Amino acid sequence: MGRGSKTLLMMLAIGAVVFALVYYGIRFTSDLGKDPDQVTAEDAGKRLEKLYKNISVTTAKPVKGQVSLDPVSVGDSLPDIAKFPISVANTTDSFIEIFSSTEKSGTGNDGWLNEVAGDFNKSGSTVNGKPVSVKIRNIASGTATDYIRSGKYIPDAFTPSNELWGEMVKAQGIRIEQVSKRLTGNVAGIVSSKKKYDELIGKYGAMNVKTVTEAIENNELAMGYTDPFASSTGLNFLLTTLGTFDSANVLGEKAVSGFERFQANVPFTASTTLQMREAAKTGMLDAFVLEYQTYVNTADLKSGYVFTPFGVRHDSPLYALGDLSADKLEIVKKFAAFVEQAKYQNLAKDKGFNGLDQYQSELAPVDGNQLASAQKLWKEKKDGNRPVMAVFVTDVSGSMGGEPLKRLKESLLTGQKYLGRDNSIGLVSYSSNVTIQLPIGKYDTNQQSMFVGAVNSLQASGGTATFDGIVVALKMLQDELALQPDVKPLIFVLSDGETNEGHSLKDVGDLIRTYQIPIYTIGYNANIEALQSISSINEAASINADTDDVVYKISNLLNVQM
């Protein structure tokens, strides 16, 4: 071999080594940001200290505020009903308003009832010689129930996803009449990966909620489900799960102790079905809950996943509410009969409804008071014996001045009433600099008073150093976790805009991943994508709330997580 050939081979070899070093160096650096196992606790601690030292941090003098001991009033936090859109407007003076669950009064495949209502309004239907029509309001079943039960707004009719919400309305003493047991067929189910499904079938012989509870209790399944206060599927799953431990008494000691064991190993509870779907895309969950109509309309679930129905059916019953006039009640009945026509049931099937009609509800009828008690039980037991430790990180930059800051304060003052007394909280505010308004402490009456005082003292000015605020919250939590390792740490960030000062997501992202602390973000008319990028790191929710509905949304979030 000639000298030229040897030189060429040597150059190629050197080039290959350099390429490998660069490539694997890049891979290692990249993986460092993605895999928590690649960053040791010691390295993370050093990095956190370094970032913290670069931030101007002050600690405010504690100020006590007036604590209200009045019970939480859901109605007080609900926004004006106009926040929820009219998906079909009435076309006549004689009409009824119907609250409809979102899977059938939205858009596209979720807009079936809107199409039917539109045709009904064109059909020339009359009652006592007067032309009649319907108005449809798109509103989630849990939220609709809050309006109805609180008395803040009661429509003429209500079609939730399932009958559980109707029972809760009835238990409140509100007059309610079931006009139709089923407008269109649907079921709730567990969507599991085919691989995990086959594993569970192989070990347990069947796939159902009992199998799921046993597998979760044995740490064999990573599964998430949705908030039973807001989600029809979540409420259904909660009730079904309790029933697997004691079908005769879902609130008895046997059911409660079984639920505690099960819940201790549930890694994820989503605020909404959308959040659940986003979490599922990461591949971190073996299974999650969903309605069948959504399942069949989601292309990436058709292969590789199996749907297993559970609990009560989701057949969209229709109820008449309140003291309706004879004419209004007749409109409700006419609309129910109109919906039953084969043309509209076939349309429903085209949009994913009316599948799995052979499935029969597994649960016996449940009293509404019992359902409310099950929700309360979930609130108390959802974290097992592990208390929550949370830091609220509030944006007080200049753009938050006026109405946004006023509503932020109102939302925190209302939301704090949902915090459990066994939990601990702290408060940080940030603009160009960061202030520890309230060090972390157990949420007793004294801490509650100082939290109220700290919130009331917030003032807006300066720039937006969001990640500096997050770094300070991380430092506060890590210091406390060294003393109390058995708590569940959380961060809530409330902001109206993008970061324009201080550290960036690039600086802090690895730490958030390493510490695996969920960061819930609430945007006030904000760039929601920027906030979503923070929350998505550890599968937390990002809520887009404007000044009209932020109090209700934050109250719901804190009710679920705290």
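The values are calculated or read from the model by the stated rules, or taken from the named source; none is laboratory data. Small disclaimer: the values here were computed from a predicted structure and weren't measured. Reconstructed Cβ throughout: ideal geometry from the backbone, glycine too, with neighbour counts over all protein chains shown. Areas reflect the complete protein model, heavy atoms only, side chains present, ligands, DNA and RNA absent. Shrake-Rupley method; radii C 1.70, N 1.55, O 1.52, S 1.80 Å.
Overview of results
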{"item": "From the options K334, K406, residue that is among the charged types (D, E, K, R), open to solvent by 40 Å² or more (accessible area, probe 1.4 Å), at pLDDT 95 or above and not in a loop (DSSP other than H, G, I, E, B)", "result": "K334"}
{"item": "Positions within the stretch 454-489 being part of a loop (DSSP other than H, G, I, E, B) and surrounded by fewer than 22 Cβ atoms within 10 Å (Cβ to Cβ), in sequence order", "result": "S457, L458, Q459, A460, S461, G462, G463, Q484, P485, D486, V487"}
{"item": "Single residue of V296, V312 found to be within 28 Å of the chain's Cα centre (by Cα), at pLDDT below 95 and aliphatic (A, V, I, L, M)", "result": "V296"}
{"item": "Those residues of the stretch 216-246 which are open to solvent by less than 10 Å² (accessible area, probe 1.4 Å), closer than 22 Å to L557 by Cα, of a type outside the set (S, T, Y) and touching a residue at least 60 places away in the same chain (Cβ under 8 Å), in sequence order", "result": "M223, G224, D227, P228, L235, N236, F237, L238, L239"}
{"item": "Close pairs from the stretch 251-265: first touching a residue at least 60 places away in the same chain (Cβ under 8 Å), partner open to solvent by less than 30 Å² (accessible area, probe 1.4 Å) and in a helix (DSSP H, G or I), Cβ under 6 Å, at least 6 apart", "result": "F259/L242"}
{"item": "Extreme residue, farthest from V296 (Cα to Cα), among residues of the stretch 337-353 that are open to solvent by 20 Å² or more (accessible area, probe 1.4 Å) and in contact with a helix residue (DSSP H, G or I) (Cβ under 6 Å, 6 or more places away or on another chain)", "result": "F338"}
{"item": "Hits in the stretch 56-106 (condition: farther than 26 Å from S411 by Cα, under 21 Å from the mean Cα position of the chain (by Cα) and not in a strand (DSSP E or B))", "result": "E103, K104, S105, G106"}
{"item": "Any hit, the stretch 530-551, residues being touching a Pro at 6+ places or on another chain (Cβ under 7 Å), among the polar types (S, T, N, Q) and open to solvent by 10 Å² or more (accessible area, probe 1.4 Å)", "result": "yes"}
{"item": "Contacts under 6 angstrom Cβ, first residue in the stretch 435-448 being in a helix (DSSP H, G or I), partner open to solvent by 10 Å² or more (accessible area, probe 1.4 Å) and hydrophobic (A, V, I, L, M, F, W, C), 6 or more apart", "result": "Q448/V67"}
{"item": "The listed residue being surrounded by fewer than 20 Cβ atoms within 10 Å (Cβ to Cβ) and either without any contact (Cβ under 8 Å) to a residue 12 or more places away in the chain or at positive phi (or both), out of G304, G311", "result": "G304"}
